[in-house]
Amino acid sequence: MTTQTGNEPVYDLNTSAATWRHFWHPVATLDELRAAKPGGRGPLQSKLLGEMIGIAEIGGKLIAFEDRCSHRGVALTLGWAEDDGLRCKYHGWCYGNDGSCKEVPSLTPDQPIPARARLKQYDCEERYGLVWVRLDSSVDTKIPDFLGWNDDTMHCIMGEPYQWPCSSGRRMENFMDVTHFPFTHWGTLGAPPNTVFPAYPVDQKNGTLTWKTDTYLAHNPGDDTYGPPADENAVMLPPAEYVIEVPFSIILKFTWSDSFATQIFMHATPIDEYTSRSYWFTCHTHDQSSDQIHLQLQDMVLGEDYPVVASHTPARIGDPRDEVSVFPDKPTIFWRRWIRELDAGAKRGPEALREALNQVSIESEDAQPVS
Ligand code: FES
Ligand SMILES: [Fe+2]
């Protein structure tokens, strides 16, 4: 049963940190862990949902732990990984990958190690070259599916993670929003007068929100990477499919032609109430173009988004009544509704959270299963 203490941070839409602790979030790339300390096994400090955690590879096992030594509360990530243990830098206590304290150097062999001398651990797994952590394992949530990663026809490149001064919710909403294209991305992904977008049917099932968008005339002067311009100053953005795995993962799939498809995967990890770190990949069908072109396009788009998204007041989504929504904001409205339902479910307990996660609502008649 999740409980609120009244002191914990409040996240988007007044939801609780306790709710998002039930979900998996990447906290570092595997490369970042490898580079953190000589030997390549960490420890590496990270922050998730306001909590300082550490990750390390101990005895061949990837572990995540509260970054706090049970002796005097020092950050364990100041210490180092040994073949079979994690050593604290303060007084040298050493913890095994099962959380037990194996050695207290100041004790003689006949003096017992207190049973409470333990490392507090969390669920930890490597997937897609990222280190994923779940702080609360009382509900059997899963690591989000990354469709392109499992698609043999796609080549996926990991982008540089970026930390923005906005909540995960603000980052997610920016990603799922198309009506900002002609303004924030004027000349890159769109331009006036092409500003009107339909409210596409949104389907909710299997923990995902999905919707499809039509071809869209987007001005993109001088760049024919994604096909011949419709006129000298424009290209057509092809049909797209958005797949959101609640709460904070999103995939955007573009089908440019029978033989050319691209896909962007992003997970916005909640560092704290007002900060998110996004892990992302850009994927494309083999050998159509160089990796660099896809990374450059994303860099350009992110550079255009940043000043806008970093300027939100407040930096997390507050009371929806303090903002004005319109019809084409539909995807964000659906996402907000589900986020609030997940939070309400989590407060009632694991079974209610499971129920909230598995609810179904199909708007589109021809909804295709996500594959
Ligand atoms: S604080 Fe870690 S060994 Fe003393
Ligand atoms: Fe954008």
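The values are calculated or read from the model by the stated rules, or taken from the named source; none is laboratory data. Predicted model only: the values in this text are computed from it and were never measured. Methodologically, a virtual Cβ is constructed for each residue, glycine included, from the backbone with ideal geometry; neighbour enumeration extends over all protein chains shown. With ligands, DNA and RNA removed, areas are computed over all heavy atoms of the protein, side chains included. Shrake-Rupley method; radii C 1.70, N 1.55, O 1.52, S 1.80 Å.
Things worth noting here:
- Rounded to the nearest 20 debye, dipole of the chain from Cβ charges on Lys, Arg, Asp, Glu: 1660 debye
- Amide proton proximity set for S16, modelled H, under 5 Å, gap of 5+: Y11
- Short-range pairs are left out: with C-alpha atoms under 8 Å and at least six residues apart, the relative contact order of the chain is 20 percent.
- Apportionment of accessible area to carbon and sulfur, segment 1-71, percent (1.4 Å): 47 percent
- Accessible surface, the chain, averaged per residue in Å² (probe 1.4 Å): 46 Å²
- Residue (of Y128, I251, Y95) at the positive-pole extreme of the chain, dipole from beta-carbon charges: Y95
- Net dipole in debye of segment 148-357 [+1 Lys, Arg Cβ; -1 Asp, Glu Cβ; about Cα centre; nearest 20]: 880 debye
- Full extension of the chain segment joining V74 with V308 gains 80.4 nm, where the gain is 0.36 nm per residue of separation less the Cα-Cα distance.
- Under the combined filter of DSSP loop state and at most 10 neighbouring Cβ atoms within 10 Å, segment 89-169 retains none of its chymotrypsin sites (Phe, Trp or Tyr not before Pro).
- Among the trypsin sites (Lys or Arg not before Pro) within segment 36-133, those in coil by DSSP and having at most 14 neighbouring Cβ atoms inside 10 Å are R72, K89, R116, K120.
- In whole angstrom, segment 32-134 maps to an equivalent ellipsoid with semi-axes of 23, 14, 12, each derived as √(5λ) from the alpha carbon gyration tensor and ordered largest first.
- Each residue of segment 146-157 is assigned a 3J(HN,Hα), and the resulting list reads 10, 4, x, 4, 9, 9, 5, 7, 9, 10, 10, 10 Hz, derived from the Karplus form 6.51 cos²θ - 1.76 cosθ + 1.60 (θ = phi - 60°), x at Gly and Pro.
- Dipole magnitude of segment 42-166, debye to nearest 20 (Cβ charges: Lys/Arg +1, Asp/Glu -1, about Cα centre): 640 debye
- For G318, the residues whose amide H sits under 5 Å from its own are L13, ignoring neighbours fewer than 5 places away on the same chain, with H placed 1.01 Å from N.
- Label-reachable residues, segment 47-76, where backbone N falls under 19 Å from a point 7 Å from A115's Cα toward its Cβ: 70-71
- 3J(HN,Hα) couplings calculated from phi for segment 100-111 with the Karplus curve 6.51 cos²θ - 1.76 cosθ + 1.60 (θ = phi - 60°) are, in sequence order, 6, 8, 9, 8, 10, x, 7, 8, 7, x, 8, 9 Hz; Gly and Pro show x.
- Quotient of Cα Rg and 2.2 N^0.38 Å for segment 269-371, N being how many residues it contains: 1.42
- D (Stokes-Einstein, µm²/s), Kirkwood Cα radius, segment 148-357, 1.306 mPa s at 10 °C: 88 µm²/s
- Portion, in percent, of the accessible area of segment 148-357 that falls on carbon or sulfur, probe 1.4 Å: 54 percent
- Each pair of Cα atoms in the chain enters the Kirkwood radius, and Stokes-Einstein at 10 °C and 1.306 mPa s then converts it into a translational diffusion coefficient of 71 µm²/s.
- Structure-based [θ]222 nm, the chain - -39500 (n - 2.57) summed over DSSP H runs of at least 4, per residue, nearest 500: -5500 deg cm²/dmol
- Each residue of segment 334-348 was assigned a 3J(HN,Hα) from its phi angle through the Karplus expression (A = 6.51, B = -1.76, C = 1.60, θ = phi - 60°), giving 5, 5, 4, 4, 5, 4, 5, 5, 4, 5, 5, x, 4, 6, 8 Hz with x at Gly and Pro.
- Pairwise Cα distances in segment 63-187 exceed 17 Å in 72 percent of cases.
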